[in-house]
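What follows is one structure encoded as structure tokens, with my remarks underneath.
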Amino acid sequence: MRERALIAITDPDDPRIAEFRQIRERDLTGRQGRFIAEGTVVLRMLAQAHGAGRGIRAEKILLLQNRVGGLDELLAAFPPDIPVYVAESALLDAIAGFHLHRGVLALGLRDAALPASGLIASLPEQSLVLVGCGISNHDNIGSMFRNAAGFTADVVLLDETCCDPLYRKALRVSVGSVLSVPYDRQGSAVELLGSLADAGFAIWALSPSGAVELRDIPASTRMALVVGTEGEGLPAEVLARFQTARIAQAPGLDSLNVGTASGIALYGLAQAMGRL
């Protein structure tokens with residue numbers, strides 16, 4: 001590891017680690033783009049994003065004292081001016097507000113990113129986009145980003161009713177993919193999909209009552225998959241304006257979890273496009 005001074009924390013009220021205090025009840029999401037990265041895997045993704053010019057960077061790191069030795073190589077991936085604080089187990093739990101068995105936290109910052117219009121304009125000729133509408137469950141948002149990364153989606157677009165993917169749990173469930181997949185969250189789903197349609201995307205809205213089975217969707221150079229919240233599903237306006245698709249499943253089941261469904265559908269579209 002590069003020469004780096006580790007800063008011992010002995011007081012849970014130390015102002016230098018205030019952002020890590022009581023993180024279960026008080027998440028940093030929505031606070032000037034700051035977020036909490038939890039666990040070694042997400043910390044590694046943060047390190048990669050920090051050095052990749054994506055507008056994402058780390059501001060400080062807080063570690064369990066006995067985890068430091070095993071993280072030398074990972075810590076060396078961060079610039080040496082990023083402070084690394086360390087605390088014993090009981091103190092770290094008092095800071096976080098619960099037992100932090102991973103023992104790894106970081107404060108990250110996401111600068112203002114390209115809006116949806118800019119992201120769409122920057123896409124290559126062959127592109128795959130995942131669009132979320134009304135996704136309010138943080139586990140589902142995290143799963144969608146993990147699927148997007150795994151099945152070659154270029155961008156994730158979320159409407160204004162979706163929850164923030166920088167929420168700590170969503171970031172953790174995504175195994176850090178929120179930090180690697182470009183995304184934007186704003187506007188209405190119809191507006192987002194209209195912009196994609198204008199850019200030449202074949203848009204497929206996923207629904208249990210979709211008109212076309214997933215395996216029968218014809219390949220297009222540009223494809224967008226739209227998924228909605230569980231229960232209510234996609235708005236009627238979206239289903240009426242765009243092509244609809246379904247995933248074949250056993251009779252009697254209402255629908256698949258949106259995390260599962262988005263993974264299956266993205267896999268199918270990526271295969272159809274020759275990406276996998």
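Descriptive notes on the structure:
- In this simple spin-label approximation, A250 and A121 carry label points 7 Å from Cα along the Cα→Cβ vector, and these lie 5.0 nm apart.
- Antiparallel bridge percentage (DSSP; both residues within the chain; nearest 5): 30
- Normalised by the number of residues in the chain, the mean separation of alpha-carbon contacts (under 8 Å, six or more apart) gives a relative contact order of 19 percent.
- Neighbour net charge for E191 - beta-carbon separation under 15 angstrom, K R +1, D E -1: -3
- C-alpha long axis of helix 189-198 to longest principal axis of the chain, angle in °: 70
- Among beta bridges that DSSP assigns inside the range 6-110, antiparallel share in %, nearest 5: 65
- Relative exposure of I36, I9, judged by other C-beta atoms within 10 Å (fewest first): I9, I36
- Crossing angle, helix 138-150 versus the chain [Cα axis fit, 0-90 degrees, rounded to tens]: 80
- For the chain, the longest principal axis of the alpha carbon atoms and the long axis of helix 258-272 meet at an angle near 60°.
- DSSP-defined antiparallel bridges as percent of all bridges, the range 204-249, nearest 5: 10
- Between E160 and S89, the simple spin-label model (points 7 angstrom out along Cα→Cβ) gives 4.8 nm.
- Under 13 Å, Cβ to Cβ, from D11 - net charge with Lys/Arg +1 and Asp/Glu -1: -1
- Calculated [θ] (222 nm, deg cm²/dmol) that DSSP helices of n ≥ 4 give over the chain, each run adding -39,500 (n - 2.57): -8000 deg cm²/dmol
- Whole-angstrom gap from the range 142-171 to the range 174-203, using each part's C-alpha centre: 10
- Label zone of R21 (point 7 Å out along Cα→Cβ, amide N under 19 Å): in the range 85-125 this covers 85-100, 105-108.
- Radius 12 Å from Cβ of V181, net charge of other residues (Lys, Arg +1; Asp, Glu -1): 0
Only the coordinates and a few stated rules stand behind these numbers; no lab work does. No experiment lies behind these values; they were computed from the predicted model shown. Every residue, glycine as well, gets a Cβ built from its backbone with ideal geometry; the counts of neighbours run over all protein chains shown.
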